[in-house]
Amino acid sequence: MYAIFEDSGTQILVRKDDEIQIDLRPLTEGQKTITFEKVLAIGAGDGQPAKIGLPYLAGATVTAEIVGEDSGPKLRIGKYSRRKGYRRTLGHRQDHILVKVTGIKA
């Protein structure tokens, strides 16, 4: 069984026991799970047609267990203007939350 849900403007395809990275968000103290309610589609994966929402499926949720926080790879950004002696190098690391999908409810 698989599900496609929307989180922070991105659509994510998941199956049970998948580990994914989602954007960092404020969490309450001691929060262990996250529930995603913007489910776009759910399919069984055995050749039967998937249930597709318009735009979301009513009553469908994807629950995930929080594993921890993580940072993405360091990205280097360079600026350069020719014949001006102008060079700048910047770096950035995006923070993520690592979650493990525990259930898909249709």
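Read the figures in this text as sums done on the coordinates, not as results from a lab. What you see is a predicted model; the values in this text were computed from it and never measured. Virtual Cβ from ideal backbone geometry, glycine too; neighbours counted across all protein chains shown.
Quick one: how many residues across segment 46-56 are part of a loop (DSSP other than H, G, I, E, B) and closer than 16 Å to PHE5 by Cα? Spell out the reasoning first.
Applying the first criterion (part of a loop (DSSP other than H, G, I, E, B)) to segment 46-56 yields 46-50, 53-56.
Checking the rest, the ones that are also closer than 16 Å to PHE5 by Cα come to 50, 53-56.
Matching residues across segment 46-56 total 5.
Which residues, counting only those in segment 21-52, are surrounded by 17 or more Cβ atoms within 10 Å (Cβ to Cβ), small (Gly, Ala, Ser) and free of Cβ contacts under 8 Å to residues at least 40 places away in the same chain?
Selection gives ALA41 alone.
What tally of residues in segment 85-106 results from selecting those that are hydrophobic (A, V, I, L, M, F, W, C) and under 19 Å from ASP23 (Cα atoms)? Working first, answer last.
The first filter runs over segment 85-106 and keeps only residues hydrophobic (A, V, I, L, M, F, W, C), leaving 90, 97-99, 101, 104, 106.
Imposing the further condition that a residue be under 19 Å from ASP23 (Cα atoms) reduces the set to 97-99, 101.
So the answer is 4.
Mind listing just one residue for me: the one in segment 54-64 that is among the small types (Gly, Ala, Ser) and within 25 Å of GLU19 (Cβ to Cβ) and, of those, surrounded by the most Cβ atoms within 10 Å (Cβ to Cβ)?
Once the filter is applied, the top-ranked residue is ALA64.
For a quick check of your reading: which strands (runs of 3 or more DSSP E) sit entirely within segment 64-106 and have at least 2 residues that are over 18 Å from the mean Cα position of the chain (by Cα) and among the hydrophobic types (A, V, I, L, M, F, W, C)?
75-81
How about segment 67-106: which of its residues are hydrophobic (A, V, I, L, M, F, W, C) and either at positive phi or loosely packed, with under 11 Cβ neighbours inside 10 Å (or both)?
LEU75, ILE77, LEU90
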